[in-house]
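Undergrad: One structure follows; several queries about it will come next.
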Amino acid sequence: MDHNYTTIPEPISCAGSINSRGLRSSRAMVFAIEQINNSTELLPGIKLGYEIYDSCDSLSVAVHVAFQLSGGLDPVFNTGDKCSKSGMVMGVVGASESTSTISMLRIIGPFNIPQVSHFATCACLSDKQQYPSFFRTIPSDQFQADALAKLVKHFGWTWIGAVRSDSDYGNNGMASFLHAARKEGICVEYSESFSRTHPRSRIQRVADVIRRSTAKVVVAFIPTGDMRILLEELSRKPSPPRQWIGSEAWVTDRDMLRFSFLAGAIGFGIEKSVIPGLRDFLLDLSPSKVAESPLLTMFWEEAFNCRLVKSEKELCQFYTYMILTVVS
């Protein structure tokens with residue numbers, strides 16, 4: 001966004017399609033909170049409230065939210081009629097990206113507000129001297145980097161290319177991987193970086209390096225949003241077949257299946273578990289419940305190709321029945 005510094009900038013607004021993975025994570029958090037609030041054993045006499053913010057995959061939006069949270073009484077909590085409409089922020093869940101998480105920690109960390117991330121994997125966040133109030137429920141990228149190097153060596157690939165996002169996640173993750181790869185006797189033809197905020201010419205250059213390289217194997221330590229931009233650029237021109245090795249952030253994203261040249265891409269995924277009651281909770285979405293949440297409304301309309309208005313609720317319900325029946 002360009003600013004001329006003569007007028008107050010417009011508020012940042014989200015654009016594009018909704019991140020279904022992030023939505024699932026937020027819904028799982030709501031489920032957990034409801035389970036706690038409905039239990040007489042977990043936190044007796046205490047009710048948890050929450051406010052969900054959409055960072056829009058934007059660092060500036062995440063920083064803005066962090067300033068709001070550090071103000072203490074600003075959020076209005078969705079806690080029901082029996083609870084106060086406002087209260088002190090006792091903890092933060094998120095963000096999904098390492099760079100956004102680090103930026104938020106710089107702001108709320110001095111207030112000793114604990115921050116727990118479900119998806120910020122940068123090994124740098126394990127430094128308790130810098131981030132004493134940070135915790136996470138996902139392993140550090142150090143483990144993934146070592147495993148990826150062993151995976152490449154297992155298949156006998158000793159001449160590879162490397163591409164990463166120019167971010168805390170990409171730079172730290174790739175540095176760990178290259179260090180582990182050298183120990184395994186793996187040679188790297190090139191190591192390129194880019195960011196989705198870079199001009200297209202930069203991304204074109206990275207794509208051309210991949211096309212012209214002699215290495216048939218490419219290791220990519222990139223978050224989903226950046227990876228999608230690179231793949232869209234690669235799909236513009238025919239490219240020699242490549243074996244893609246991916247970090248968990250993008251290699252487990254089903255949206256990547258639309259790029260046919262990714263067929264056979266491999267990597268590691270986080271072990272999944274079955275949470276009793278969660279599936280029923282996620283599927284229990286009537287139009288009235290969806291209408292209460294802008295995020296759910298956006299997801300509903302994208303998934304079922306309809307507008308959620310009174311005159312078309314029956315149409316949306318029909319699509320829901322048909323799609324969920326197929327899935328189940």
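The values are calculated or read from the model by the stated rules, or taken from the named source; none is laboratory data. Just so we're clear, the structure is a prediction, and the values are computed from it rather than from any experiment. Using ideal geometry, Cβ is built from the backbone for each residue, glycine included, and neighbour counts are taken over all protein chains shown.
Undergrad: Please count how many residues of region 132-188 are in a loop (DSSP other than H, G, I, E, B) and either within 17 Å of the chain's Cα centre (by Cα) or over 30 Å from Val116 (Cα atoms) (or both). Don't jump to the end; show me each part of the working.
TA: Restricting attention to region 132-188, the residues satisfying the condition of being in a loop (DSSP other than H, G, I, E, B) are 132-133, 137-140, 155-158, 166-167, 184-186.
This time we only want the ones that are either within 17 Å of the chain's Cα centre (by Cα) or over 30 Å from Val116 (Cα atoms) (or both), so: 137-140, 155-158, 166-167, 184-186.
Final tally of qualifying residues: 13.
Undergrad: Further question: Taking the condition buried (at least 22 other Cβ atoms within 10 Å of the Cβ) and either closer than 24 Å to Gly264 by Cα or not aromatic (Phe, Trp, Tyr) (or both), does Leu148 pass?
TA: In short, yes.
Undergrad: Could you tell me which residue of region 189-203 is farthest from Glu248 (Cα to Cα), considering only residues that are in a loop (DSSP other than H, G, I, E, B) and hydroxyl-bearing (Ser, Thr, Tyr)?
TA: Checked region 189-203; the qualifying residue farthest from Glu248 (Cα to Cα) is Thr197.
Undergrad: Okay, moving on. Name the one entry in Ser86, Ser117, Ser98, Ser70 that is closer than 29 Å to Arg196 by Cβ and at pLDDT below 85.
TA: On the way: Ser86 fails: closer than 29 Å to Arg196 by Cβ; Ser117 fails: at pLDDT below 85; Ser98 fails: at pLDDT below 85.
The conditions single out Ser70.
Undergrad: In addition: Taking Gly264 as the residue in question, decide whether it is within 17 Å of Ser165 (Cα to Cα) and either within 24 Å of the chain's Cα centre (by Cα) or not assigned by TED's automatic domain parsing to the domain that holds Ser98 (or both).
TA: Against the criterion (within 17 Å of Ser165 (Cα to Cα) and either within 24 Å of the chain's Cα centre (by Cα) or not assigned by TED's automatic domain parsing to the domain that holds Ser98 (or both)), Gly264 does not qualify.
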